[in-house]
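Working notes, beginning with the structure itself.
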Amino acid sequence: MHIVPPKPTAQERTRIPAAATRTWFRRFTGVCVLTLLASGPMRTAAAAERARQHRLPQNPGTVVIAFDYEGGFTPPRQNQEPRLAIRADGTAVVGAPFGRRKRIQGRISPQRLSKIVSFLLDELHLATFDEEKIKQAVARENRKRGRFVPRIADAPTTVVRIRADGREYVAKYYAVTMAAGMYPAIPELRRLEEARRFLERLCAELSLGGPQGVARMLALVNAELQKKFPNTPPLTERDLQGAGVNANGRVSVTFQREENLGAKRKRVTTANVIVPATGAEPEVKVFVRLLENNRVIQPKPGRA
């Protein structure tokens, strides 16, 4: 971008000393440079924002996001419905492939669906997930370590499928939770594990009836946490680990948070809620464990 400063008139040139003219020109140039520097990040951010707007299928019944576990040592599947399916019209179904939980149906707004797709494809880079390249990276890590690496048996393969931009993106890996912990130097494994946890939280949220249901559960567990462990920070929606409704209508919810306290110490806060199908009062249990050098120290209530 080329900016030309306005030229002083002949009359102005007779009144403006040369030194003053040079000072004025330097100031004008400085303002132009600052303006260009400031506008650069704005243009870059705007371009990035446009790049994150993925084109979703026009057919409202098309599944945009499918999340499931394949294989592993599990009960026999009762159907081929995935763990979670979100359609283009926002219909979201938490499936019951093993028949032990109720099938849950909810809705997600178009804006939120678009943000979820962008989060998975762009922020977690599932658009470029390459299972074979990751397996090669794992093999290189094993060779560098120069020792026997035990095989993981009977674990499922986590699979995330996303339809956008006229194509299907697929990210899948066997035993990704364990693999992400065993190979922290491979960021793709950590990102897929983060996607898995995010989608499990979404399943839990839908099972509780949406964000309002999560808020009600948080109010219960934080009241109990404040009563038994007043020095422990409250749990949040990001600590939601899972929720489900069994075939009889009983609701079970789990929250958990792990905090690094320094000096090789960690605090793990866990809360479980059981809501009976009979409509009786929910049962709430909270636990706080302190770990030092991976050794559990059971704290006394009120001193966590």
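The values are calculated or read from the model by the stated rules, or taken from the named source; none is laboratory data. As the structure is a prediction and not an experimental result, all values here were calculated from the model. For neighbour counting, all protein chains shown are included, and Cβ atoms are generated from backbone atoms with ideal geometry for every residue, glycine included.
If you check GLU200 against the conditions, is it farther than 19 Å from GLU281 by Cβ and assigned by TED's automatic domain parsing to the domain that holds PRO97?
Values: farther than 19 Å from GLU281 by Cβ: yes; assigned by TED's automatic domain parsing to the domain that holds PRO97: yes.
Here the answer is yes, as GLU200 does meet what is asked.
I'm checking my understanding of the structure. Among residues of region 268-297 that are in contact with a strand residue (DSSP E or B) (Cβ under 7 Å, 6 or more places away or on another chain) and of a type outside the set (A, V, I, L, M, F, W, C), which one is farthest from LEU225 (Cα to Cα)?
Here is the first cut: in region 268-297, the residues in contact with a strand residue (DSSP E or B) (Cβ under 7 Å, 6 or more places away or on another chain) are 268-275, 282-292, 296-297.
Then drop every residue that is not of a type outside the set (A, V, I, L, M, F, W, C), which leaves 269-270, 272, 282-283, 285, 289, 292.
Working: THR269: 9, THR270: 9, ASN272: 11, PRO282: 15, GLU283: 13, LYS285: 9, ARG289: 13, GLU292: 22 Å.
Ranking the qualifying residues of region 268-297, first place goes to GLU292.
Among the residues here, GLU132 qualifies as on the phi < 0 side of the Ramachandran plot and surrounded by fewer than 20 Cβ atoms within 10 Å (Cβ to Cβ). The set of residues in region 267-290 being surrounded by fewer than 16 Cβ atoms within 10 Å (Cβ to Cβ) and either in contact with a Cys (Cβ under 7 Å, 6 or more places away or on another chain) or part of a strand (DSSP E or B) (or both) consists of VAL268, ILE274, GLU283, LYS285, ARG289.
For the residues THR62, THR74, the requirement of being more than 21 Å from the chain's Cα centre (by Cα), closer than 22 Å to PHE119 by Cα and surrounded by fewer than 19 Cβ atoms within 10 Å (Cβ to Cβ) singles out THR62.
Among strands (runs of 3 or more DSSP E) entirely within region 57-144, having at least 1 residues that are without any contact (Cβ under 8 Å) to a residue 24 or more places away in the chain singles out 84-87, 91-94, 104-107. Condition (residue is in contact (Cβ under 8 Å) with a residue 12 or more places away in the chain, farther than 20 Å from ALA127 by Cα and charged (D, E, K, R)) applied to region 219-229: is it met by at least one residue? Among the residues of region 219-229, at least one is in contact (Cβ under 8 Å) with a residue 12 or more places away in the chain, farther than 20 Å from ALA127 by Cα and charged (D, E, K, R), which makes the answer yes. Checking VAL253 against (1) out of contact with any helix residue (DSSP H, G or I) (no Cβ under 8 Å at 6 or more places or on another chain); (2) in contact (Cβ under 8 Å) with a residue 12 or more places away in the chain; (3) outside any loop (DSSP other than H, G, I, E, B); (4) over 20 Å from LYS115 (Cα atoms), which test does it fail? Here VAL253 clears every test but (1). When ALA204 is tested against (1) without any contact (Cβ under 8 Å) to a residue 12 or more places away in the chain; (2) in contact with a Leu (Cβ under 9 Å, 6 or more places away or on another chain), just one condition goes unmet, and that condition is (1).
The listed residues are PRO211, PRO233, and the only one of them that is under 23 Å from the mean Cα position of the chain (by Cα) and either within 24 Å of SER118 (Cα to Cα) or of a type in the set (Val, Ile, Thr) (or both) turns out to be PRO211.
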